[in-house]
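The structure appears below as structure tokens.
The values are calculated or read from the model by the stated rules, or taken from the named source; none is laboratory data. Worth saying up front: this structure is predicted, and the values here are computed from it rather than measured. Note that we place each Cβ from the backbone using ideal geometry, even for glycine, and neighbour counts take in every protein chain shown.
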Amino acid sequence: MNTNDFRRIALSLEGAEESSHMGQPDFRVGGRIFATLASAKQGYGNLMLTLEQQTAFVEELPEVFLPIPGGWGRMGMTHIRLAAANQDVLAGALRTAYHLRLQKNARSGRKPVQKPTQKPKLPPPAKGKPAPKPGTNPRTKKR
């Protein structure tokens, strides 16, 4: 696997969007990060997991998963060696991080971020009056 596979799989998850954190690509759902490519130059993708999930992944496939060094790793942040992973392993790991983020979002009461599908329409102007300029509200306009 490579960074393009990581990106493709992450973005295939419902509501997932690519963004940037400190100049590095990240993947979010509901506006919150579940995975990043901050360590792509070293051949890693990064997953936001619980410590229990991290331990299980590392114990099962130590050649693919390793804790991120330092404090981030002690909080469950986990590297996945992209070259050592196959599609099923990468997709499963990304789904795990994605579902964890969905659960955290639900517990915090955070609503999913949804982009508006269309701009709100202003009501038609009254007869004899010019149409309001876009971006203004004729009802609150000072007279």
Scan region 16-31 for residues that are out of contact with any Asp or Glu (no Cβ under 9 Å at 6 or more places or on another chain), surrounded by 15 or more Cβ atoms within 10 Å (Cβ to Cβ) and of a type outside the set (A, V, I, L, M) and jot them down.
-> E17, G30
In region 41-63, which residue that is surrounded by 14 or more Cβ atoms within 10 Å (Cβ to Cβ) and over 22 Å from the mean Cα position of the chain (by Cα) is nearest to D88 (Cα to Cα)?
-> L61
Scan region 1-50 for residues that are more than 12 Å from A97 (Cα to Cα) and of a type in the set (S, T, Y) and jot them down.
-> T3, S12, S19, S20, S39, Y44
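Here's the yes/no breakdown for (1) touching a residue at least 40 places away in the same chain (Cβ under 8 Å); (2) over 13 Å from A97 (Cβ atoms); (3) not hydrophobic (A, V, I, L, M, F, W, C):
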| site | (1), (2), (3) |
| --- | --- |
| Q54 | no, no, yes |
| F57 | no, no, no |
| P62 | no, yes, yes |
| L66 | no, yes, no |
| H79 | yes, no, yes |
| A83 | yes, yes, no |
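Each row is one residue, and each column tells you yes or no for (1) modelled with pLDDT under 95; (2) more than 23 Å from E14 (Cβ to Cβ); (3) under 21 Å from the mean Cα position of the chain (by Cα).
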| position | (1), (2), (3) |
| --- | --- |
| G73 | no, yes, yes |
| R81 | no, yes, yes |
| Y98 | no, no, yes |
| K119 | yes, yes, no |
| G135 | yes, yes, no |
Can you find a residue in region 33-45 that is assigned to a helix (DSSP H, G or I), farther than 26 Å from S108 by Cα and either touching a His at 6+ places or on another chain (Cβ under 6 Å) or not small (G, A, S) (or both)?
-> yes
Residues being in contact with a helix residue (DSSP H, G or I) (Cβ under 6 Å, 6 or more places away or on another chain), assigned to a strand (DSSP E or B) and not hydrophobic (A, V, I, L, M, F, W, C) - total across region 47-88 = 2
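A quick yes/no check of all residues on (1) out of contact with any strand residue (DSSP E or B) (no Cβ under 6 Å at 6 or more places or on another chain); (2) of a type in the set (V, I, T); (3) free of Cβ contacts under 8 Å to residues at least 40 places away in the same chain:
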position	(1), (2), (3)
T3	yes, yes, no
G15	no, no, no
M22	yes, no, yes
G76	yes, no, yes
Scan region 7-63 for residues that are on the phi > 0 side of the Ramachandran plot and in contact with a Leu (Cβ under 8 Å, 6 or more places away or on another chain) and jot them down.
-> G30, G43
